[in-house]
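Take a look at the structure set out below.
The values are calculated or read from the model by the stated rules, or taken from the named source; none is laboratory data. Remember, it's a predicted structure, so these values are computed and weren't measured experimentally. When we count neighbours, we look across all protein chains shown, and the Cβ atoms used for this are built from the backbone with ideal geometry, even at glycine. SASA here: full protein model, heavy atoms, side chains in, ligands and nucleic acids out. Shrake-Rupley method; radii C 1.70, N 1.55, O 1.52, S 1.80 Å.
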Amino acid sequence: MRNASLGKKKALVALEHSMHMLTHDTGFHDFGGDYYTEHDPERALRRITRQANDLGLTVRFEPIEAA
């Protein structure tokens, strides 16, 4: 179960980022949807495993053999 105040914390961080962009005259830079997966693949695997476990599933990762 997630913390109910998590949404408030996210909103506060988003507001802080917006204020920083306005006060420092910087634009928004979108890193892309897979930025964090490419940046830290081990963390992405842990997140996927945790999400599957929360759904009552077991996950097994096996490397893809090179052709």
Against the definition (within 17 Å of the chain's Cα centre (by Cα) and free of Cβ contacts under 8 Å to residues at least 24 places away in the same chain), how does D34 come out, yes or no? yes
Report, by residue number, each residue of region 3-44 that is open to solvent by 100 Å² or more (accessible area, probe 1.4 Å) and polar (S, T, N, Q). T23
Out of all the residues in region 45-56, is one or more over 17 Å from the mean Cα position of the chain (by Cα) and open to solvent by less than 100 Å² (accessible area, probe 1.4 Å)? yes
